Amino acid sequence: MKTAGLKRKNLAIAVSMIAVFAATPSLATEVHGHLQQDNSGQAVANARVSLDGTSYTALADKDGNFVFANVPAGSYTVSVTQSGFATAHTPLTVGDSSPATLNISLKKVAELKGLIVAANRYDASTMQMDAPNSVNVLSAASLQHTAVHNVAEALGLIPGVNVTNTGSGYFSGVDGAARGEGVYATVRGLPADYDVNLINGVDVAQGMPYSRSVQLSLLPPSGLQTIVMNKTSTADMDGDAIGGTVDFRTPTAYDFAKDMSGSVSVSGRSESRARDYGDSGLGGGAAADFQTKFGSEKQFGVYASAYYDYRTYVNSEEAAATSAYNDGSWQFAHTTATGKSAPGYDPASNLTSTGMDVGVVPGYERRYGGNFSFDWKVDETLSTYLRMSYAYAQTTENTSFTQLIPQNVTYQEVGTSGVYTPNIGRIAARYWFETNPEIADLATFQWGADKTMGGWTISPNVFYSFGDNDRPNHVEIDGREDKYSQTNFPYSGSTLMSYGAGSFPYPQLTPALLAQVNDIPSLYANDHGELTEIYSGQRKGGAKIDARYDFTDGSLSSIQIGAKFTDSVRNFSDRDWSTAGINDGVTTLGDLGIFNGNWNAIFPGQYNWKSPKVSQSGVANLIQQYLVDSDLDTCGDSLYVNNYNCDTLRGREEVSAIYAKATFNIGNLEIIPGLRFEHTGIENTYWVVPQDSSGNEIPGYFQSNHSVFNEPLPSVFVNYRPTDGSIYRVALWQSYTRPSLYQLGSSSSISTSDGITTITRGNPNLKAIEATNLDFSGQWSNDNGGYASVAGFYKHLSHYIYDAGGGQANSNTNGEGTVFYKTPENGGNGRVYGIELDSHQKFKFLPAPFDGLGVGFNATRQNTKVNLGIPGFQNEEMQSAPKFMANAEVFYEKNGFSLNLSYHYTSAWLANYDFLNQGAPWDDLWIRPIKRLDLHAGYAFNNGLQVDFSISNLADNYSYWAHIGKRNLTISDIVDTGMTSLLTVKYNF
């Protein structure tokens, strides 16, 4: 009995032990992993790593490492997801004791969105090497370590990009340049209209009235993490980008290593040209950003940034070319008896300047805005995000022009040669004041998600953007000494000018003229002023969906399909009121109460006569005091309803697109064929001003037209990566640009004369500008912080349309019988070709402390030719397309200290065709070469404090010099904006 009882007792103990062991989990241990690219071995940061079927998730650090703690022994599947890489699924076995380790190689694929950012120039180089197409990347550090003050100027650091400080419409010419900042960017010789501009992948609204360009001076570098310039377009990208696609990227919380971090900064600014006038020229700003990741698995991320800055400036203008255009202040130096260019003389070299405008341009600008992002990584297969951005800029600018206008010009024969010279009979002294106000904003909103299902990644996205470029309350007022008598200030001579160093023009004033320009208030007032209100904006929204399937074996790596729909509405109106003239014979400008002091020198260092300071509010109040409804004269029509509506335009544009592309990997060779198709429907509504059969104006009406564009856009990209540090690319693709809405459907007028009816209007039958593009490049990197690339490009364009501002491009009159139509027309073919070089090298191999030294250099040589479709203009260069551009930099970066000295050069480029309306190219307006030396110094302390100081235009060169004739500086517009200094103190936490 004892034995049986013992057996039962032992059995019970055994069962109990088995139960205990069965209820005890397997021993837990750690899992250490590393992520790298399969073709280069480079670390993959910020990837999401998870153990399928468990709650274990991790985020790879900047070196590609991740850790799971307390993982029970067993078998698992590790899944890794990261934008731009195929999702990886790797088996894992965890033992009972020692930590498990594994290395996972991720396969690079053509990115759906590519919304990654670069912190420094080395990350930027990696992005350029890894991209499926040719791109240039500006990192956050590159933006910080330069003297640029908006993103347009930042783009000028990229090879192949020309930054212009003036454009078309009311931002054109010398007045636009007088703001002293970059406004637009042209890529590879193509106008800014030919670019696509994105913020975090969203098409931004185009608020400009006469073009499809975007005013990039709205955006400061603060709040931006990366700028990506796509020089080539794959099938998943918008097709209307002949020049390039620029993506301004803001960070998300997952671009930062810490779970919570942020920064605050304050800045101070000083403009030297304003100090030359005795003004402070001060400005400043503040900015902050914050990010946090939260949730049990850090699955939520929030990033927000905000900025505010302002600047005050006073700049100088000399505007002989503008005077030549507006007031006829030019002649040929050697003429016929009727004033034409004498036989045997080249007209472009035979010019003489007979008048000029000289101005002071004070202004004030403030900008504010911010960015926001929210990310939710729902699980290992689904993530969703929200992105928002907003930028606002308000500019108040006044221009006070003293005008010297030639009158009573005759032509005197030189001996008996038959050659004549002009003789100026007198000079009229006049004054013109105008404001150039602007209120502009730009916003983007988007929601999207990425969902993986097996090999599929589905990415829906909904987006919206609005942009405005308004010119409210633009006022003008003028005065003249010759309002009642045309006998004052007699003059004699063929020109008003003499020329000093560098061909700078100096007017030769008689003592009486000098006394008059120093006494502007004594000029007779012409009227009580003029008011103009311009409003221009666009609202754009839509949705898209992208789907990619990643194959796990074979040469076909992925296929990708997608669709996109965009609907936009544009509104534009321009109205002008001119008060009645003052004709009492006694009222002067000084009697109007609009002056409040003087500038002691109108152009310090060059012209030292005085210029009055004008109260903008005083002019505005004066206009309101005398303005009546009948003063509305927008188009010079006799009926109020026509003047009110004649410059009103509404347009709706719908763009539908579908695409498909595939990625093949055969050894080191990557081939990406694709096809995109875009259908565009545009409806324009505009005002028609008609006349009856007797030529009398009658009330007008709104009318609409419709345009359709269908564009198949094939592409093929071939990338060859023989080593980790090299890639060679060839790309062939088709792209296009739609005409501006203004050219398609501008306001219409109907006039009748001698039984002939002429209808002037936009042309809904304009064709899209189409381009066949070829690009080939090589890129190399080394382990010592070096990078180099060379790229060649060729573009063949059809149906070219040039930038005509607010006028018709290539205006032609066609018709038959008694009805004729005056409309803009397409030009002919064009071509752009060139080569780009880009390199930077940090000398890490040198002994300390010289291992912080480095150099950078990029250069572009390009040629453009185009047939405008106008007789005599079949072989013109394209606008804003310099033949040569270069940036050179010497830098030092070590132990938190940075020093950058950079030099920028842009050769001459063509701004406007046939500037004097002479029907030939010899009078094109050209921009003289631009040279700028910039300096930056900064230091980052260990406690998170960072100080940066920069000076732009260290050599104090002129920022703008336009001249009539390619090689003639006789008639020029010149702007002096001086140097700009910026001090920023930033604290990172």
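Nothing in this text is a laboratory measurement; each read-out follows from the coordinates by a stated rule. In this text, all values refer to a predicted model and were calculated from it rather than measured experimentally. We place every Cβ from the backbone using ideal geometry, glycine too, and count neighbours over all the protein chains shown.
Key figures for this structure:
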item	result
Cα-based equivalent ellipsoid of the range 497-555: semi-axis lengths in Å, sorted from largest, via gyration tensor	65, 28, 6
For a label point 7 Å along the Cα-to-beta-carbon line of F949, residues of the range 896-927 with backbone N under 18 Å	896-902
Positive-end residue of T90, Y390, I927, charge dipole of the chain with Cβ unit charges	T90
Kirkwood-based shape ratio for the range 690-751, expressed as Rg/Rh from alpha carbons	1.45
Net charge dipole size for the range 654-715 [Lys, Arg +1 and Asp, Glu -1 on Cβ; Debye, nearest 20]	340 debye
About the Cα centre, charge dipole magnitude for the range 378-531 (Lys/Arg +1, Asp/Glu -1 at Cβ), debye	460 debye
Projected label distance in nm at N598 and S522, using a 7 Å step from Cα toward the beta-carbon	1.2 nm
Förster radius 45 Å - calculated FRET efficiency between V985 and S55, Cβ distance, rounded to 0.05	0.55
Pairs of Cα atoms farther than 24 Å apart, the range 487-598, %	68 percent
Leading residue at positive end of dipole, the chain (Cβ point charges), from L910, Y420, M979	M979
Debye intensity ratio I(q)/I(0), log10, the range 558-704, q values 0.10, 0.11, 0.20 Å⁻¹ (C-alpha model)	-0.72, -0.77, -1.18
Of every Cα-Cα pair in the range 637-789, the percent that sits beyond 21 Å	64 percent
Residues in the range 133-165 that a label on A940 would reach, taking backbone N under 18 Å of a point 7 Å out along Cα→Cβ	138-147
From phi via Karplus (6.51, -1.76, 1.60), per-residue ³J(HN,Hα) for the range 900-913 in Hz, x at Gly/Pro	10, 10, 10, 10, 10, 9, 10, 6, 4, 8, 7, 9, 9, 7
Among S656, Y626, S611 - extreme Cα towards positive end, dipole of the range 609-666, charges at beta-carbon	S611
Hull-based mean projected area of the range 883-989, where the convex hull spans the alpha carbons, in square nanometres	8.7 nm²
Cβ-Cβ FRET estimate between K844 and D38, R0 fixed at 35 Å, reported to 0.05	0.85
Fraction of antiparallel bridges per DSSP, the chain only, in percent to nearest 5	95 percent
24 Å Cα-Cα threshold exceeded, pairs from K231/K986; K231/K883; K822/K883; K293/K842; K767/K795; K540/K564	K231/K986; K822/K883; K293/K842
Acute angle (nearest 10 degrees) that the helix 2-23 long axis makes with the longest principal axis of the chain, alpha-carbon atoms	10 degrees
Value of [θ]222 nm, deg cm²/dmol, for the chain, DSSP H segments ≥ 4, -39500 (n - 2.57) each, nearest 500	-2500 deg cm²/dmol
Computed P(r) (all Cα pairs; the range 27-106; 5 Å bins; percent)	4, 16, 30, 25, 15, 8, 2, 0
For the range 758-877, fraction of C-alpha pairs farther apart than 26 Å, in %	49 percent
Rounded tilt (10° steps) of 616-626 against the dominant C-alpha axis of the chain	60 degrees
Cubic angstrom per residue, convex hull over Cα atoms of the chain	205 Å³
